[in-house]
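Everything below concerns the one structure shown next.
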Amino acid sequence: MLPSFSPAATAVATPPPKPIPGGYGAPVLGPLRDRLDYFWFQGPEEFFRRRAAQYRSTVFRANIPPTFPFFVGVNPRVVAIVDTAAFTALFDPELVDKRDCLIGPYNPSDSFTGGTRVGVYLDTEEPEHERTKAFAMDLLRRSSRVWAPEFLEGVDDMLAAIESDLAAGKEGGASFLVPLQKCIFRFLCRAVASADPAAEDLVDRYGLFILDVWLGLQLVPTQKIGAIPQPLEELKHGAASVAVGVKDHGMSDKDAINNILFLLGFNAFGGFSVFLPFLILQAGKDAALRAKLRDEVRAALERHAGEVGFASVRAMPLVRSTVYEVLRMNPPVPLQFGRARRDFVLRSHGGEGFSVAAGEMLCGYQPLAMRDPAVFDRPDEFVADRFVGAEGEALLRYVYWSNGPETGEPTKGNKQCAAKDVVVATACMLVAELFRRYDDFECDGTSFTSLQKRQPS
């Protein structure tokens with residue numbers, strides 16, 4: 001039975017608020033110590049887990065990177081949140097301002113995005129937010145006809161490359177990382193940007209590596225790892241998608257192009273590149289799960305003329321649950337941020353309240369929030385069928401990977417990922433296509449060690 005708890009900010013029949021535990025330490029040494037813990041001595045998950053245990057609270061104060069001495073003028077002080085109840089404050093536009101805080105107190109230069117403040121850096125109250133969100137939603141809607149076939153064509157090329165490497169007897173198996181990234185890059189260019197990267201040899205050969213560098217340079221202050229121009233400006237064949245922004249949404253050519261490239265490169269390519277390898281790895285190390293997935297996929301495809309697509313994967317509850325569980329355990333974006341618009345009381349489980357002051361930065365760490373023992377049974381275990389059935393589906397409201405609950409809907413007035421549903425469907429299509437082709441497969445790390453082609457039944 002799911003626990004009941006008050007919304008993240010309420011004052012109805014609840015205890016009086018109390019100060020937030022924790023602290024920031026001395027002005028220089030405190031942030032530096034937390035930086036070393038975050039990157040080197042503990043790692044992000046243990047960093048948040050230890051402090052929650054130390055303060056006996058799922059809401060506490062801490063410093064997060066980037067910090068002095070490597071970055072000046074950046075305030076690393078945050079109010080950390082690691083439970084599902086308090087986390088919902090980050091989705092409430094009346095409570096938090098999302099302006100320029102996609103990756104926290106550090107804001108990359110807009111030279112990375114051609115001088116445009118793209119949609120993800122805009123707050124819902126800024127005039128351009130609704131326009132750019134509507135544009136993103138429109139592009140996804142228009143791509144729906146070609147999304148599945150373009151993705152499956154990319155998967156076909158990926159698996160052909162992997163089969164070739166396996167046949168060549170490469171030591172350690174056939175790595176799927178680069179073939180997967182090529183698949184993701186080419187299909188997204190065609191589906192989202194209406195551009196074929198094959199038309200530009202430089203882009204087709206090196207585009208995914210350019211994006212990797214571009215992403216890394218923006219995130220390096222917040223990750224353990226100079227500005228460059230907006231990447232892939234050579235991709236000049238997406239005129240139809242640019243026209244949608246200009247004619248239908250009143251955007252300039254420059255802003256339409258920069259928003260398309262950011263949507264393609266940061267949101268889509270970056271997210272899929274993090275998420276899909278975890279999905280392959282999880283299935284690749286669990287023989288019992290693979291057998292169940294294979295049986296479900298083939299039964300569903302028999303009812304859909306053997307076609308992998310949006311309709312057929314909706315009939316695969318275990319596949320979908322497996323995808324949701326990967327997103328719960330390994331969200332593509334582990335941190336969510338928002339700055340308090342006003343003083344308010346942040347409510348956790350049981351109505352426990354904490355006083356938040358206007359201007360304070362809230363930092364939700366999803367990998368712990370979505371393993372909240374007050375909500376999830378066996379929270380640290382991967383349970384593939386966790387979200388199957390009525391009780392399982394009820395838990396989806398606590399799955400927050402998309403900057404909102406999985407049961408929510410992206411709108412022009414909120415910050416939830418416009419591609420929330422298509423991301424899940426695409427991941428399901430990858431699983432379905434694997435079991436349409438193969439009776440079984442095995443992985444070791446990020447390499448396939450075995451692909452057993454389907455035998456006639």
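Does region 319-331 contain at least one residue that is open to solvent by less than 30 Å² (accessible area, probe 1.4 Å), farther than 17 Å from Val383 by Cβ and either modelled with pLDDT of 95 or more or within 24 Å of the chain's Cα centre (by Cα) (or both)?
Filtering region 319-331 for residues open to solvent by less than 30 Å² (accessible area, probe 1.4 Å) gives 319, 321-329, 331.
Subsequent filtering for residues that are farther than 17 Å from Val383 by Cβ retains none.
Within region 319-331 (the criterion being open to solvent by less than 30 Å² (accessible area, probe 1.4 Å), farther than 17 Å from Val383 by Cβ and either modelled with pLDDT of 95 or more or within 24 Å of the chain's Cα centre (by Cα) (or both)), the answer is no, since none of the residues qualifies.
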Candidates Leu279, Leu301, Leu261 - the one that is surrounded by 18 or more Cβ atoms within 10 Å (Cβ to Cβ) and under 28 Å from Ala369 (Cβ atoms): Leu279
task: Report, by residue number, each residue of region 282-298 that is more than 14 Å from Arg320 (Cα to Cα) and surrounded by 21 or more Cβ atoms within 10 Å (Cβ to Cβ).
output: Gly284
query: Inside region 118-137, can you point out the residues that are crowded, with 19+ Cβ neighbours inside 10 Å, at pLDDT 90 or above and assigned to a loop (DSSP other than H, G, I, E, B)?
result: Leu122
- request: Filter region 18-55 down to the residues that are over 13 Å from Tyr365 (Cβ atoms) and among the hydroxyl-bearing types (Ser, Thr, Tyr), then identify the one that is most open to solvent (accessible area, probe 1.4 Å).
  value: Tyr55
task: State which residue is farthest from Val74 (Cα to Cα) when the search covers only region 1-19 and only residues that are assigned to a loop (DSSP other than H, G, I, E, B) and modelled with pLDDT of 85 or more.
output: Pro16
field: Of all residues making up region 105-117, the number that are at pLDDT below 85 and either closer than 20 Å to Gly364 by Cβ or not small (Gly, Ala, Ser) (or both)
entry: 8
- request: Given the conditions (1) buried (at least 23 other Cβ atoms within 10 Å of the Cβ); (2) closer than 14 Å to Thr88 by Cα; (3) under 20 Å from the mean Cα position of the chain (by Cα), report the number of the one that Phe344 does not fulfil.
  value: (3)
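Hey, among the residues in region 359-375 that are within 27 Å of Ala283 (Cβ to Cβ) and within 20 Å of the chain's Cα centre (by Cα), which one's most open to solvent (accessible area, probe 1.4 Å)?
The selected residue is Arg371.
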query: Which members of region 391-445 meet the condition of being open to solvent by less than 30 Å² (accessible area, probe 1.4 Å), in a helix (DSSP H, G or I) and within 18 Å of Phe135 (Cα to Cα)?
result: Lys420, Val422, Val423
query: Which pairs have Cβ atoms under 7 Å, sit 6 or more apart or on different chains, and link a residue in region 292-317 that is more than 19 Å from Phe151 (Cα to Cα) to one that is part of a loop (DSSP other than H, G, I, E, B) and open to solvent by less than 10 Å² (accessible area, probe 1.4 Å)?
result: Glu296/Met316; Ala300/Met316
task: Would you point out the residue of region 20-64, among those that are of a type in the set (S, T, N, Q) and not in a helix (DSSP H, G or I), that is farthest from the chain's Cα centre (by Cα)?
output: Ser57
- prompt: Looking at (1) of a type outside the set (Ser, Thr, Tyr); (2) modelled with pLDDT under 80; (3) in a helix (DSSP H, G or I), which is the one condition that is false for Gln181?
  reply: (2)
message: I'm trying to understand the selection: among the residues of region 65-92, which are at pLDDT below 95 and not in a strand (DSSP E or B)?
response: Pro65, Pro66, Thr67, Phe68, Pro69, Phe70, Phe71, Val72, Gly73, Val74, Asn75, Pro76
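The values are calculated or read from the model by the stated rules, or taken from the named source; none is laboratory data. As the structure is a prediction and not an experimental result, all values here were calculated from the model. Cβ coordinates were reconstructed from backbone atoms using ideal geometry, including for glycine residues, and neighbour counts include every protein chain displayed. Heavy atoms of the whole protein, side chains included, go into the accessibility calculation; ligands, DNA and RNA do not. Shrake-Rupley method; radii C 1.70, N 1.55, O 1.52, S 1.80 Å.
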